[in-house]
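Data block below; observations after.
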Amino acid sequence: MKRNIKELISQMTLEEKAGMCSGKDFWHLKSVRRLGIPEVMVSDGPHGLRKQDQQADHLGMNESIKAVCFPAACATACTFDRELLEKMGKALGEECQAEDVSVLLGPAVNIKRSPLCGRNFEYFSEDPYLSGQIASSFIKGVQSKGIGTSIKHFACNNQEYRRMSCSSELDERTLREIYLPSFETAVKEAQPRTVMCSYNQVNGEFASQSKKLLNDILRDEWGFKGYVMSDWGAVNERVPGLAAGLELEMPASCGSTDRQIVTAVQNGTLSEQILDRAVERILNVIFDYADHRDTSAVFDKDADHELAARIEEESIVLLQNDGILPLSTGIRAAFIGEFAQKPRFQGGGSSHINSFKVTNALEGASGMADITYAQGYRTDTDEPDEALEAAAVEAAKAADAAVLFVGLPDSFESEGYDRTHMQMPSCQNRLVEKVCAVQPNTVIVLHNGSPVEMPWCNRVRAIVEVYLGGQAVGAATANVLFGKVNPCGKLAETIPMKVSDNPSWLNFPGDGKKVEYREGIFVGYRYYDTKEMPVRFPFGHGLSYTTFEYSDLKLSAGSIKDTDTLEVSVTITNTGSRAGKETVQLYVSDLTASANRPVKELKNFAKVSLVPGESKTITMLLDKRSFAWYHTGISDWYAASGKYEILIGRSSRDIVLRDTVELISTTILPMAVTPNTTFGELLENPVTCAKVSSMASQIASGMGGDPQEGSAAAEAISEEMIEQMMSNMPLRALRSFAGFTEEQIEAFISSLQ
């Protein structure tokens, strides 16, 4: 319906306008009945609809409607599948229409800075490119059904410890390259209806009242069109927050902050135009939902359960396999561990779904094998139960293979607190060792929202990572174990050997007031790969029951400008005996040495499905941002002229093809020349290079003298030494090495400006 929202706002009272800027209760926005402004509902649910009406709360303490729990973000990111995430989004959008929910509060795209963050299961990846691509697809799917999304938590919310007050301290380059791009990509490519600001401070300023984040970057730079809402209870000072760009406070404030807004307008400390603009942005989203309301939508729980199973099948990562998997149909198998019967399939807190049904692995594998079940351990304690252990060991002895279902119980990771270590419960690790001692054919199935240490890794034959796989995890796991489905998931995060290997280890989670991001841009594989540190399993890793061959890497050009787009094509062949899917990962390595950068960064990926013997050629695109880093001197992205290596890999550690492209930068960096500017800096700059190259050569020649061949002086003075000394020489040294006066040095500097 076409309506004049500005005219509508002009008819609202000051109190009505202020009232629109906070919730009616926990999940509803206020209505203005006399003007036809409807009441709408928002709901948690990045991986399922958590709709509450009565006794509503934020942390999932009270029951919500029966719904479908899809795999959590820690799992779905491993699909590396844009189309599949869009399909999941469409299903959730249809569910929201059926339940009259206007905005789904998700996806959550915060970067996995540390494996200890208690909410990592809700986040996609340690890599901003992957996270942004998956989030954009999800948002497009949900919003195609006329439902809004709320991408969260903006920004730098990477821990639970003191999350409502702690300040995330980081430099501008790290902010732009690691912690903002997931949001940036989603806003530019999918335009979520809303953005949810985070609780924490960023460099000493609350995100809820940061003009830099909420207006300058989000709106002015990225072009965001919707409204910004607070995380539940994240508002620090309401009026400054509104002025900075925080339109909606959630949940209800019992009218207190509404009155603050009214008072601020009345006394002139807040412009009524700012309030009107905020109301307009909120109403745009409300009426967009009203205009796309579909009363014929159906919440088909059974169909969505089957979709959840298919998504989890694509999410499961086969970490290790010496050939034992897939298990042969009809074998005697011991399924050991409480998670085989009662799987942990989602995390705790605000995203917790009241699933209408759950399939476990015992049910999923029914009819596939002669299965004996043994509980083995209890999830409500870290202490071993010797009777349960003994029964599990006996079951393992009598079987052809033992499959242990282990991982992290609810108490080990949840919204609200961080982990203090990366270990599984000691009773589970002990059980694994005992089973391995009697059964050489042991397979591990991991249920966890974030990485765990694996002290038994070399004693088991296979490891299957199912993460928190949603309510259909049991059926999906059984299908992978017995080969009905060929696993194709790839790790969206690095699994380190131990938690202290993580780059944030010495600075996580801070002192409660501040947490310093001293590792800078070196997060996840960017750190591990650059440092050449051994890891348990690298980013992008994932095995298959078939094999793939990579060949025929081609670049559309050997030399490009930074305004061009480079096409990268590669051929993938299924050389095995089973149909399967492979994720081709494209990394870029900067060889220009223009900045301190990771050894490689993911810049594109493609998932391809192949039957045995089939080949497909895929093409991926790279643009300026694929080569660039954030240059704080120009407050923009900069790709230096020089060579870049194009890497095609099965993971960040398994690069199978490579080629090089020459990039020509069209950006000339401004340069302030001072007496301490070095000749190396001047020679690297295209504007000043020609003016100093001749002088640099003359000085270098003079520095080396003319030592007699074979003399001690000739051995002591190498060309490389002279070159490096010259490169590092500041202009003030012209006094000593070229006889310049102060006036001559000043004149020379002026000629370079």
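The values are calculated or read from the model by the stated rules, or taken from the named source; none is laboratory data. These figures come from a predicted structure and were not determined experimentally. For neighbour counting, all protein chains shown are included, and Cβ atoms are generated from backbone atoms with ideal geometry for every residue, glycine included. All accessible areas refer to the heavy atoms of the entire protein, side chains included, with ligands and DNA or RNA removed. Shrake-Rupley method; radii C 1.70, N 1.55, O 1.52, S 1.80 Å.
Per-atom-type breakdown for the chain gives carbon and sulfur 47% of the accessible area (1.4 Å probe, protein chains only). Label point of S641 set 7 angstrom out along Cα-Cβ; within the range 661-702, amide nitrogens under 14 Å from it belong to 662-670, 682-693.
Rounded to the nearest whole Å², what accessible area per residue is found for the chain with the 1.4 Å probe?
Solvent-accessible surface per residue comes out at 38 Å².
The slack between E433 and R259, meaning 0.36 nm per residue of separation minus the straight C-alpha distance, is 56.4 nm. Computed from the C-beta positions of V611 and D410 and an R0 of 60 Å, the FRET efficiency is 0.90 to the nearest 0.05. Each Lys or Arg adds one and each Asp or Glu subtracts one; over the other residues with Cβ under 11 Å from the Cβ of D380, this totals -4. The modelled label-to-label distance between I664 and K531, using points 7 Å beyond Cα along the C-beta direction, is 4.0 nm. Taking a straight Cα-Cα cut-off under 21 Å and skipping sequence neighbours fewer than 8 places away in the same chain, the lysines within cross-link reach of K434 are K397. Annotation for S426 and M671: the two label points, set 7 Å from Cα along the Cα-Cβ direction, are 6.2 nm apart. Ordered from largest to smallest accessible area (heavy atoms of protein chains, 1.4 Å probe), the residues W629, W456 come out as W629, W456.
If R0 is 30 Å, what FRET efficiency do you get for D288 and T619 from their C-beta distance, rounded to 0.05?
Details: r = 35 Å, r/R0 = 1.18.
Once the sixth-power term is evaluated, E becomes 0.25.
What does the net charge come to around E743 if you take all other residues with beta carbon closer than 14 Å to its beta carbon, with K and R at +1 and D and E at -1? Intermediate values should be presented prior to the final figure.
Values: positive: R732, R735; negative: E742, E746.
Charge balance in the 14 Å sphere: 0.
Compared with the direct C-alpha span, the chain from D300 to T563 gains 90.0 nm at full extension, assuming 0.36 nm per residue.
I need the calculated FRET efficiency for the pair D276 and E746, taking r as the beta carbon distance and R₀ as 41 Å, to the nearest 0.05. Show your work: numbers first, answer last.
Values: r = 56 Å, r/R0 = 1.36.
According to the calculation, E is roughly 0.15.
Stretched out straight at 0.36 nm per residue, the stretch from Q11 to R518 would grow longer than its current Cα-Cα span by 177.4 nm.
The distance between label points at T592 and K212 comes to 2.5 nm (points 7 Å beyond Cα on the Cα→Cβ vector). Residues of the range 438-462 with amide nitrogen under 18 Å from the 7 Å Cα-to-Cβ point of D382? Answer for this model: 448-456.
Projecting each Cα onto the charge dipole of the chain (Lys/Arg +1, Asp/Glu -1 at the beta carbon, about the Cα centre), which of L657, A475, G19 comes out farthest on the positive side? Final value for the positive-end residue is G19. For mean projected area of the Cα convex hull in nm², computed directly from the structure shown, the correct entry in (i) 39.8; (ii) 36.3; (iii) 55.8 is (i).
Simple point charges give the picture: +1 on the Cβ of Lys and Arg, -1 on the Cβ of Asp and Glu, and for the chain a dipole about the Cα centre of about 1180 debye. With contacts taken as Cα pairs under 8 Å at a separation of at least 6 residues, the chain carries a relative contact order of 13 percent.
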